[in-house]
Amino acid sequence: MNVARKPLIAGNWKMNHGGAKGLELAMQIAMQSLTTQSVDLVIAPPFTILAAIAQTFEELVEQQKASCIGLAAQNIHPGEAGAFTGEISGSMLREAGCEWVLIGHSERRYLFGESDEFFAKKAFAALNAGLKPIVCVGETLQERIGGRTLAVVLQQLAALIPALEHAEHSAVIAYEPVWAIGTGHVATPHDAQEVHAAIRSEMRTHNTMLADKTRILYGGSVTPHNAESLLAQPEVDGLLVGGASLVAESFLSIVREAQKLRGSLPSKPS
Ligand code: PGA
């Protein structure tokens, strides 16, 4: 964690809690995180419940019962409207109350065969609709064993650099090693730091301010037990949490780890 960048903890619910249970979970998170102003919070529930959560958040914030939590969609189609059965556009997501969108998650890449080029189009579509992208990169186990981690991650990043530059540091990058997602095999803090540093230094070759200001999250088997050691790395600016974000208490424990570390950092240089 670095004093210059506000930490962000995001919860990716995937295809879980699309109904009443999701609304309840979102409310619990919002109401119990009233004191977390030093950390940005984002949740990415399924499409079906986005609008209901957005409305509930608005009411709770108005009544000062909850803090402001960002709402993310898990996917977006690059088109604006038309014959794309089953797809959802950026303007629809904005209308549903979203501020963020996940792009390039490895489950989209490997289960649905989506490409770097497609992710880049989605990132531009998101920005054009006024959404902030959380773009994901990460290597497979085979690529890591073959010593190709940095090459793969930087290649995936290269496709997204034009969109990131267009975003002027409102976008967020998530490094999510594929072998760590949903497996219980978390990357070591050292491995995460190494990849995050490589991502930032590659960005620096394009745009120094972009590199310094863009937040890079780690994702993959994050739990309340390993969150602190990951967040303690200077290049880790937050976490993208899957399984552990489905229970309010574990997600909020992770948020508290970020808060504690943030509180222990020296104050921001003027
Ligand atoms: P996980 O998922 O925390 O369950 O490993 C992370 C993600 O896919 O974003």
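Considering each of 255, 247, 236 in turn, give the residue that is buried (at least 20 other Cβ atoms within 10 Å of the Cβ), out of contact with any helix residue (DSSP H, G or I) (no Cβ under 6 Å at 6 or more places or on another chain) and of a type outside the set (Lys, Arg).
Answer to the selection: 255.
For the stretch 136-153, does any single residue satisfy the condition of being in a helix (DSSP H, G or I) and over 25 Å from residue 230 (Cα atoms)? No, the conditions are met nowhere in the stretch 136-153. Please work out if residue 261 is modelled with pLDDT under 95, open to solvent by less than 40 Å² (accessible area, probe 1.4 Å) and within 15 Å of residue 5 (Cα to Cα). Criteria met by residue 261. When residue 160 is tested against (1) open to solvent by 40 Å² or more (accessible area, probe 1.4 Å); (2) more than 16 Å from the ligand (Cβ to nearest atom), only condition (1) is not met.
Within the stretch 3-47, the residues that satisfy the criterion of being touching a Ser or Thr at 6+ places or on another chain (Cβ under 6 Å) and of a type in the set (Gly, Ala, Ser) are 11, 18, 33.
For the stretch 169-207, the set of residues classified as β-branched (Val, Ile, Thr), crowded, with 16+ Cβ neighbours inside 10 Å and more than 10 Å from the ligand (Cβ to nearest atom) consists of 172, 173, 195, 199, listed by residue number. Of the set (1) touching a helix residue (DSSP H, G or I) at 6+ places or on another chain (Cβ under 7 Å); (2) open to solvent by 10 Å² or more (accessible area, probe 1.4 Å); (3) within 17 Å of residue 171 (Cα to Cα), all apply to residue 103 but (2). Just one of the numbered conditions (1) closer than 13 Å to residue 73 by Cβ; (2) part of a loop (DSSP other than H, G, I, E, B) is not true of residue 114: (1).
Every residue, every condition in (1) closer than 15 Å to residue 106 by Cα; (2) within 17 Å of the chain's Cα centre (by Cα); (3) at pLDDT below 95, yes or no:
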position: 143; (1), (2), (3): yes, no, no
position: 151; (1), (2), (3): no, no, no
position: 184; (1), (2), (3): no, no, yes
position: 200; (1), (2), (3): no, yes, no
position: 222; (1), (2), (3): no, yes, no
position: 227; (1), (2), (3): no, yes, no
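The residues of the stretch 208-228 that are more than 16 Å from the ligand (Cβ to nearest atom) and buried (at least 19 other Cβ atoms within 10 Å of the Cβ) amount to a single one, 214. Just to be sure, is residue 127 open to solvent by 10 Å² or more (accessible area, probe 1.4 Å) and either within 16 Å of the ligand (Cβ to nearest atom) or without any contact (Cβ under 8 Å) to a residue 12 or more places away in the chain (or both)? Spelling it out, it is not the case that residue 127 is open to solvent by 10 Å² or more (accessible area, probe 1.4 Å) and either within 16 Å of the ligand (Cβ to nearest atom) or without any contact (Cβ under 8 Å) to a residue 12 or more places away in the chain (or both).
The values are calculated or read from the model by the stated rules, or taken from the named source; none is laboratory data. Keep in mind that what you see is a predicted model, and the values were worked out from it rather than measured. Ideal geometry is used to build each Cβ from the backbone, glycine not excepted, and the neighbour counts take in all protein chains shown. With ligands, DNA and RNA removed, areas are computed over all heavy atoms of the protein, side chains included. Shrake-Rupley method; radii C 1.70, N 1.55, O 1.52, S 1.80 Å.
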